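All remarks here apply to the structure that follows.
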Amino acid sequence: MTGVVTVTLNPALDLTVHAAGWQRGQVNAGQGMHLAAGGKGVNVASILADLRAGQGEGVTATGLLGDENPERFETLLRDKGIRDAFLRVPGPTRVGVKLVDPAAQETTDINLPGLTATPQDLAALDARLDELSADHGAFVLAGSLPPGVDADVYVRWVERLRAAGRFVAVDTSGAALSAVLAAPVLPNLIKPNEHELAAALGRDLPTEDALLAAAHDLLGRGADVVAVSRGEQGALLVSRAATVRARPPRVPVVSTVGAGDAMVAGLVSAHLDGLSLPDAARRATGFSVGTITRLGAHLPPRAELDTLTAQVEVTLLSENKEFQHG
Ligand SMILES: Nc1ncnc2c1ncn2[C@@H]1O[C@H](COP(=O)(O)OP(=O)(O)OP(=O)(O)O)[C@@H](O)[C@H]1O
Ligand SMILES: [Mg+2]
């Protein structure tokens, strides 16, 4: 059972407008715009589909999508061959407007409210996840929660999916992450960045040792892999078999949007391919670095991806022989 399902409860349409020298309260000329379908689960699906192009393995995206503006999402999913299992709910998916003034090197953000999930929406999504769990092996629960959703929604789904024997990855922040980390059943894979992890645990994690101790604590409580990403410093990854540090090569950054999502996609695909932790760390970091060299959540062409991946510096900090071949 190899199919992957990504779940995005709170997708977003990102509208970027370039308007050099724009002024408040005036009529301004713009030079261009870019409209992209986003949200963490959508980004993870997009990157997995890039990896698997032509290999025939299924990527399915579900979650809640507003019925007023679904076109950009539908196009992305269709273009990438991702199965669209989103529920349509009345109203608009939230829109984030980025007003870029390249001359002043300034960006102004306006984040519009989107959907509020109803109990009926969530019940329908529960049913859809149950259906999908019949024939998909891995689930990625990613991103923030829209209004109307309790902070423990991921806790519930992690328990249900793991009880059914499915592999579950979670990438979220704030109260939703705190709830996941405090729950009796942890996801198989967790990928917070260092700030999200510290905030969710309610304590400072100022050093590599502190981050590793926190990650090991989560392993002890049932996670299989914990990856703590640290922006341009790379990531720390722990499993029962090994502890690894991955450092990305220096690259020209076009957009850091999707860096973390690319890491999640890399780690999930590494799990499905049975890679060791050092190899998973290399692949996932290669994906992240590849993604930040372009706009949006897309992998670069294969040759470029392979070159970047080969440049990732992976250090084995410790290993546990007992678990190496488990
Ligand atoms: N400026 C950068 N230069 C090189 N690599 C980077 C840079 N920023 C991020 N990365 C790579 O991307 C990975 C994930 O980045 P980061 O820790 O910023 O994730 P994140 O905060 O979860 O991002 P997201 O906004 O997508 O959720 C890092 O481990 C690193 O390998
Ligand atoms: Mg992230």
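The figures follow:
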| item | result |
| --- | --- |
| Most mobile listed residue (ALA246, ALA85, ALA210) in the chain, GNM with C-alpha springs under 10 Å | ALA210 |
| Fluctuation leader among VAL289, VAL100, VAL158 - the chain, Gaussian network, Cα springs under 10 angstrom | VAL100 |
| Beta bridges per DSSP with both ends in segment 50-189, % antiparallel, nearest 5 | 30 |
| Cubic angstrom per residue, convex hull over Cα atoms of the chain | 145 |
| Rounded to 5, percent antiparallel among DSSP beta bridges of the chain | 45 |
| Relative packing of peptides 28-34, 296-302, 127-133 - highest average C-beta neighbours within 10 Å first | 296-302, 127-133, 28-34 |
| Listed residues VAL253, VAL27, VAL42, most fluctuating in the chain (Gaussian network, C-alpha, under 10 Å) | VAL27 |
| Kirkwood-based Rg to Rh ratio, segment 82-194, C-alpha trace | 1.04 |
| Relative contact order %, the chain, counting alpha carbon pairs below 8 Å whose residues are six or more apart | 15 |
| Partners for LYS98 among lysines (Cα-Cα distance below 23 Å; same-chain residues under 8 apart left out) | LYS40 |
| Relative contact order (%) - segment 227-326, alpha-carbon pairs under 8 angstrom, separation at least six | 35 |
| For the chain, calculated [θ]222 nm from helices alone, where every DSSP H run of n ≥ 4 adds -39500 (n - 2.57) | -11000 deg cm²/dmol |
| Normalised contact order of segment 196-272, rounded percent, pairs of Cα under 8 Å and 6 or more residues apart | 16 |
| Cross-link reach list, lysines versus LYS321, counting only Cα pairs under 29 Å and skipping chain neighbours closer than eight places | LYS191 |
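Coordinate-derived values only; no laboratory data. What you see is a predicted model, and the numbers here were worked out from it, not measured in a lab. Heads up, the Cβs are rebuilt from the backbone with ideal geometry, glycines too, and the neighbour counts pull from every protein chain shown.
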